[in-house]
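In what follows, a single structure is set out as C-alpha cells and then discussed.
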Amino acid sequence: MKEITCEDVLMSQMAAADCEQPEFSRQQLSTHIAACANCQHELKQSEALDQLLAGHTLSESRVDLWPAIENRITKRTSAAFHWRPFALIGLLLVIYKLLEMLPARDLGMAFKLVPLVIVVLLFVFIKENPFRINTELVLER
Amino acid sequence: MDDAEAIKRCQQGEQECFRHLVERYQKRAVAHATAILFNRDDADDAVQEAFIDAFKAIGTFDTARTFYQWFYVLLRNRCYKLTAKRRPTESLDESMLLTSQSGISGETTLGLENALHSLTAEEREIVCLKYFDGLSYDELATHLQIPRGTVMSRLFNARRRLQRKLVPEREV
C-alpha cells in the first residue's frame with residue numbers, strides 16, 4: 001500500500017470537501033489526521049478559506065459591448081463583401097480580352113457585346129442607375 | 001431564440017443573431033476575464049476581441065458543445081495574450097471582482113481580492129471557476145484543457161497560497 005503523506009491527506013480532504021472522489025479511504029485519512037498536528041492545523045485553515053469563498057460570488061457589472069462589436073463586425077463583413085464581385089468582373093474582362101486576342105477566330109457580333117453585358121451586370125449589382133440625374137447636388141456659390 | 005438557433009443563423013450570415021450571444025454572455029465573460037487579468041479595462045478589451053474571434057470562427061462551431069464552453073477557450077487565449085503584454089497591477093484599493101453576501105464586511109472582501117491578486121493568473125482562474133462558478137474537477141479539466149491531476153494540484157497550490165496570505169491575517 002502507498003505510504004500516505006500530509007500532502008496526500010490535504011489533497012484528498014480538498015477533493016472530499018469539493019464533493020469529488022478522494023484518492024484515499026475515509027479511514028486512512030482520519031487515522032493520519034488524528035495523529036498529525038500539522039494536518040489538523042492545515043484543515044482548520046482550509047475550512048476557514050472554504051467558508052470565506054462560499055460567502056462570495058463573481059461580480060457581474062453592467063456592460064454593453066455590442067455597439068463596439070457590431071461596428072467591427074460590420075466593417076469586416078462589408079470589406080469582405082465588396083472586393084469579390086469586382087474581382088470577378090475583372091476576371092471576366094481579362095478572359096474576354098484573351099479570347100478576343102486569339103487569332104483567326106471570329107466569334108461574331110454577339111461576342112463584342114459581352115463587355116457591355118458585364119458593365120450592365122455591374123450596375124445591377126451595385127444597384128446604381130448610371131443615367132439617373134442626382135438632383136440633390138447643389139452648385140457651390 | 002436559443003443559442004443553437006442563434007449560432008445556426010449566424011452561420012447562415014445573419015449578423016444580427018450574434019447580438020443574442022454577445023448580450024447573453026458578455027457579463028459572465030467580463031467577470032471571467034477580470035478574474036484572469038485583474039483589470040476591468042483589459043477585461044473589456046479581451047472580451048471584445050474574443051467575441052470578434054468567435055464571430056470569425058462561428059462557421060467551425062461544433063453544435064455538440066455549448067457556446068460558452070467553446071467561447072471560453074477563445075476568451076482565455078485573449079486574456080493570456082494580454083497578461084503577457086501588460087505589467088501586473090499593484091494591490092487593490094477597491095473591490096472589483098467579487099460581490100459578498102450579507103454579513104461579510106467590505107474589508108474582508110477586499111482582503112480576499114488582494115489575496116487572489118497575489119496568485120498567478122492560472123491559479124486565480126481555476127479558483128474562480130471552481131468556487132464561484134461551481135465547476136467539477138472534470139469540467140475544469142475540459143474547460144482548461146488540462147488533465148484532472150493537474151486540476152487538483154493547481155487548485156491545491158492555489159488554495160495553499162491563499163491560506164498563507166489570508167487565514168493568518170484573519171486569525172490575528
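The values are calculated or read from the model by the stated rules, or taken from the named source; none is laboratory data. Just so it is clear, the structure is predicted and the values come from calculations on it, not from any experiment. Cβ atoms come from the backbone with ideal geometry, glycine included; neighbour counts cover every protein chain shown.
Do we find that B:Leu135 is part of a loop (DSSP other than H, G, I, E, B), surrounded by 12 or more Cβ atoms within 10 Å (Cβ to Cβ) and not acidic (Asp, Glu) in this structure?
Values: part of a loop (DSSP other than H, G, I, E, B): yes; surrounded by 12 or more Cβ atoms within 10 Å (Cβ to Cβ): yes; not acidic (Asp, Glu): yes.
Yes: the conditions hold for B:Leu135.
When region A:44-60 is filtered for residues that are farther than 10 Å from B:Phe132 by Cβ, out of contact with any strand residue (DSSP E or B) (no Cβ under 9 Å at 6 or more places or on another chain) and facing chain B (nearest Cβ under 7 Å), the ones remaining, listed by number, are A:Gln45, A:Ser46, A:Ala48, A:Leu49, A:Leu52. Evaluate region B:67-87: report whether one residue or more is farther than 30 Å from A:Glu70 by Cβ and either at pLDDT below 95 or part of a helix (DSSP H, G or I) (or both). Yes, that holds for at least one residue. Considering only residues in region B:53-72 that are buried (at least 18 other Cβ atoms within 10 Å of the Cβ) and within 10 Å of another protein chain (Cβ to nearest Cβ), the one that is nearest to B:Cys128 (Cα to Cα) turns out to be B:Ala54. Scanning region B:6-32 for residues being more than 14 Å from chain A (Cβ to nearest Cβ) and under 25 Å from the mean Cα position of the chain (by Cα) gives a total of 1. Report, by residue number, each residue of region B:45-65 that is modelled with pLDDT under 90 and either farther than 17 Å from B:Arg9 by Cα or in a loop (DSSP other than H, G, I, E, B) (or both). Answer for region B:45-65, where residues must be modelled with pLDDT under 90 and either farther than 17 Å from B:Arg9 by Cα or in a loop (DSSP other than H, G, I, E, B) (or both): B:Phe61, B:Asp62, B:Thr63, B:Ala64, B:Arg65. For region B:89-111, filtering for residues that are under 20 Å from the mean Cα position of the chain (by Cα), at pLDDT below 80 and facing chain A (nearest Cβ under 10 Å) leaves 2. Of everything in region A:1-43 that is exposed (fewer than 13 other Cβ atoms within 10 Å of the Cβ) and closer than 23 Å to B:Arg164 by Cβ, the residue that is farthest from the other protein chains (Cβ to nearest Cβ) is A:Ala37.
Mind checking whether some residue in region A:63-79 is small (Gly, Ala, Ser), buried (at least 16 other Cβ atoms within 10 Å of the Cβ) and within 14 Å of chain B (Cβ to nearest Cβ)? So far as region A:63-79 goes, no, none of its residues is small (Gly, Ala, Ser), buried (at least 16 other Cβ atoms within 10 Å of the Cβ) and within 14 Å of chain B (Cβ to nearest Cβ).
Okay, residues lined up against (1) surrounded by 15 or more Cβ atoms within 10 Å (Cβ to Cβ); (2) touching a residue at least 12 places away in the same chain (Cβ under 8 Å):
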{"position": "B:Glu123", "(1), (2)": "yes, yes"}
{"position": "B:Gln145", "(1), (2)": "no, yes"}
{"position": "B:Gly149", "(1), (2)": "no, no"}
{"position": "B:Met152", "(1), (2)": "yes, yes"}
{"position": "B:Arg160", "(1), (2)": "yes, no"}
